[in-house]
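K.L.:
This is the structure I want to talk about, given as structure tokens.
The values are calculated or read from the model by the stated rules, or taken from the named source; none is laboratory data. Owing to the predicted nature of the structure, the values given are computational and were not obtained by experimental measurement. Neighbour counts run over all protein chains shown; Cβ positions are idealised from the backbone, glycine included.
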Amino acid sequence: MADILQYTFIQNALLAALLVSIITGIIGSLISVNKMTFLAGGIAHSSYGGIGLAIYLGLPIFLGASIFAIFSAVLIALISFKQRERVDIFIGLIWAVGMAIGIIFVDLTSGYNVDLMSYLFGSILAVNRDDLIFMFTLMVIVLLFIHLFYREILAVSYDSEYANLRGVKAKGFFVAILVLSALAVVVAIKVVGLILVIALMTIPTYIAELSSNSLYGMMIKASVLSTIFTISGLAISYEFDITSGASIILVSATFLILFLLFKKISTITSRF
Amino acid sequence: MKLLEGKELYYKYRKDYVLEDVNFKLNSGDFFAITGPNGGGKSTLVKNILGILSPTKGSIDISFEVKNGIDIGYVPQNTNINLEFPITVLDVVMMGNGAKHKSINRVFSFKYSSLEIECAKHSLQKVGMDCFLNSKISNLSGGQRQRVMIARAICSHPKLLILDEPTSSIDVQGQKEIYSLLKKLNETITIVVVTHDLTVISKYANRVLYINRSGYMHDLSNKNFALKDNEHICEVELMQMLGANNG
């Protein structure tokens with residue numbers, strides 16, 4: 001098994017797993033505590049429109065997906081400021097319209113593009129140097145954002161009305177969290193694909209949330225868990241020659257089930 | 001000493017007036033209750049006082065400078081708070097202190113300075129929760145959580161403490177404890193409490209402002225209105241008493 005580490009594509013995949021896990025651990029925690037999972041799902045699926053458009057125009061896929069995802073995130077943020085009660089309808093709309101745009105542009109592109117499947121189900125083994133630079137840059141931005149504004153982010157996430165009263169620009173931070181979520185979704189698509197991206201953003205963060213006393217503790221645990229799940233899933237997919245994205249998610253889900261069972265058994269035994 | 005005065009206050013949400021010609025005056029040391037039916041404009045009035053909303057007409061004069069809510073402590077209804085949020089009591093209380101010590105320890109903002117921790121402990125001592133400093137907030141009871149919210153609100157030593165239905169999701173014993181605590185805090189802080197609990201008004205408040213949906217308002221601040229201790233009243237009785245006082 002150790003000899004596979006000499007291959008550049010494996011080294012890239014492991015590095016991508018680490019970078020994306022740090023990003024999704026942190027941003028996934030923010031999505032979870034702000035109860036924005038459906039919203040992140042909407043952004044993820046709408047980014048398919050950007051992927052389709054990029055393929056049609058011959059542009060870099062990450063660029064197209066990022067622009068589309070950021071546009072969707074800002075649109076959802078603006079709608080939620082005006083129509084907070086019914087924002088779910090608009091998220092569903094953006095989700096479906098983005099996918100529809102992507103499908104139509106792929107239809108209009110001459111020839112069948114086999115790479116498209118890798119964006120639906122992930123292709124961590126196909127990560128190249130440009131992808132790694134994009135992931136590393138985003139990780140630095142995310143870490144800086146958390147490092148500089150942790151207290152404001154914590155206040156806005158816990159009690160936005162109170163934070164606003166204390167002079168924190170709650171709407172600005174909400175938009176910033178959404179835009180970073182959009183970019184995190186785009187890099188996570190490379191690892192597990194847009195169909196499975198929400199599981200990668202939520203399973204490690206849910207386990208971390210149940211076992212953490214603080215938001216930063218949750219972010220650290222979620223990042224570590226995500227790294228373990230991603231690398232384990234990658235190793236299993238290599239060993240059994242199965243799709244890496246699906247393998248990563250099943251490893252995560254298995255761990256979650258075991259964790260919940262262990263927690264339940266601990267609760268029952270503590271009564272006696 | 002006059003602390004706060006609302007004059008001919010109107011607030012319109014979309015096409016409808018939620019507040020109409022509301023007048024009130026609040027003196028330093030008051031325990032001021034705002035009551036009335038659901039949708040009557042109580043929370044809207046509080047948000048106008050806090051500056052979250054601006055009156056459509058009329059004015060609210062505050063006798064002290066308010067910057068980022070520092071001089072007004074606020075305990076919101078907290079209906080939107082995620083109860084499972086991974087956060088400690090210290091983190092929550094520090095939210096009330098953050099604006100005052102914004103320049104401290106910004107480089108590594110996960111950590112609090114010893115000065116900040118002392119300040120948080122002091123606030124928690126006042127509400128009897130200092131031994132829970134590092135506890136996860138979701139492990140506390142409803143009454144304990146509300147005490148932490150009060151500690152957060154008084155952390156910056158405000159002149160005025162406003163609580164929006166602070167006992168709405170707490171059991172009877174917890175409610176009594178919260179109001180006893182507020183009465184004690186009232187020795188040094190002016191308190192405004194939005195409540196449906198008329199018994200609370202009779203026991204603790206020295207002034208009552210009744211607002212209903214159509215904007216009828218009874219300002220009793222100058223009418224020597226105070227209900228006796230241990231007196232239990234219903235809303236109809238309160239209205240009759242208000243009517244008698246106004247008549």
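K.L.:
Does A:ALA77 meet the test of being touching a residue at least 12 places away in the same chain (Cβ under 8 Å) and surrounded by 23 or more Cβ atoms within 10 Å (Cβ to Cβ)?
P.N.:
Numbers: touching a residue at least 12 places away in the same chain (Cβ under 8 Å): yes; surrounded by 23 or more Cβ atoms within 10 Å (Cβ to Cβ): no.
No.
K.L.:
While we're looking at this one, here's another question. Of B:LYS121, B:LYS159, B:LYS100, which residue is modelled with pLDDT of 90 or more and surrounded by fewer than 20 Cβ atoms within 10 Å (Cβ to Cβ)? It would help to see each step written out before you state the result.
P.N.:
Details: B:LYS159 fails: modelled with pLDDT of 90 or more; B:LYS100 fails: modelled with pLDDT of 90 or more.
From the options B:LYS121, B:LYS159, B:LYS100, the qualifying one is B:LYS121.
K.L.:
Looking for something away from every other protein chain (no Cβ under 11 Å) and touching a residue at least 60 places away in the same chain (Cβ under 8 Å) - is there at least one such residue anywhere in segment B:50-62? Show your work before the answer.
P.N.:
Step one: of segment B:50-62, the residues away from every other protein chain (no Cβ under 11 Å) are B:53-62.
Among the residues that remain, those that are also touching a residue at least 60 places away in the same chain (Cβ under 8 Å) are: none.
No.
Residue by residue, here is whether (1) within 14 Å of chain B (Cβ to nearest Cβ); (2) in a loop (DSSP other than H, G, I, E, B); (3) over 17 Å from the mean Cα position of the chain (by Cα); (4) under 20 Å from A:ILE228 (Cα atoms) holds:
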| site | (1), (2), (3), (4) |
| --- | --- |
| A:LEU15 | no, no, no, yes |
| A:SER21 | no, no, no, yes |
| A:GLY52 | no, no, yes, no |
| A:ALA69 | no, no, no, no |
| A:SER80 | yes, no, yes, no |
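K.L.:
Something else about it: Please verify whether A:LEU256 is at pLDDT 90 or above, farther than 22 Å from A:ASN12 by Cα and crowded, with 23+ Cβ neighbours inside 10 Å, treating the condition exactly as stated. Break it down stepwise before answering.
P.N.:
Numbers: at pLDDT 90 or above: yes; farther than 22 Å from A:ASN12 by Cα: yes; crowded, with 23+ Cβ neighbours inside 10 Å: no.
Against the criterion (at pLDDT 90 or above, farther than 22 Å from A:ASN12 by Cα and crowded, with 23+ Cβ neighbours inside 10 Å), A:LEU256 does not qualify.
K.L.:
Shifting gears a bit: Within segment B:181-188, identify whether any single residue is basic (Lys, Arg) and buried (at least 22 other Cβ atoms within 10 Å of the Cβ), and answer yes or no.
P.N.:
no
K.L.:
What pairs can you find where one residue is in segment A:97-111 and surrounded by fewer than 18 Cβ atoms within 10 Å (Cβ to Cβ), the other is among the β-branched types (Val, Ile, Thr) and not in a loop (DSSP other than H, G, I, E, B), and their Cβ atoms are less than 9 Å apart, with a gap of 6+ or different chains?
P.N.:
A:VAL106/A:ILE51; A:VAL106/A:ILE55; A:THR109/A:ILE55
K.L.:
Do you know which residues across segment B:13-29 are farther than 21 Å from B:LEU3 by Cα and not in a strand (DSSP E or B)?
P.N.:
Passing the criteria: B:ARG14, B:LYS15.
K.L.:
What do you reckon, is A:ALA208 within 14 Å of chain B (Cβ to nearest Cβ), among the small types (Gly, Ala, Ser) and outside any loop (DSSP other than H, G, I, E, B)?
P.N.:
On the way: within 14 Å of chain B (Cβ to nearest Cβ): yes; among the small types (Gly, Ala, Ser): yes; outside any loop (DSSP other than H, G, I, E, B): yes.
Taking the combined requirement at face value, the residue satisfies it.
K.L.:
Anything in segment B:82-96 that is in contact with a Phe, Trp or Tyr (Cβ under 9 Å, 6 or more places away or on another chain) and either at pLDDT below 80 or surrounded by fewer than 18 Cβ atoms within 10 Å (Cβ to Cβ) (or both)? List them, or say none.
P.N.:
B:ASN82
K.L.:
For segment B:59-71, state whether one or more residues are out of contact with any helix residue (DSSP H, G or I) (no Cβ under 9 Å at 6 or more places or on another chain) and at pLDDT 80 or above.
P.N.:
yes
K.L.:
Being of a type in the set (D, E, K, R), buried (at least 19 other Cβ atoms within 10 Å of the Cβ) and not in a helix (DSSP H, G or I) is the filter here; which residues of segment A:114-167 pass it?
P.N.:
A:ASP159, A:ARG166, listed by residue number.
K.L.:
Condition first: over 27 Å from the mean Cα position of the chain (by Cα) and aliphatic (A, V, I, L, M). Now tell me which residues in segment A:252-272 satisfy that. First the steps, then the outcome.
P.N.:
Residues of segment A:252-272 that are over 27 Å from the mean Cα position of the chain (by Cα), as a first pass: A:264-272.
A:ILE265, A:ILE268 - these are the residues of segment A:252-272 that are over 27 Å from the mean Cα position of the chain (by Cα) and aliphatic (A, V, I, L, M).
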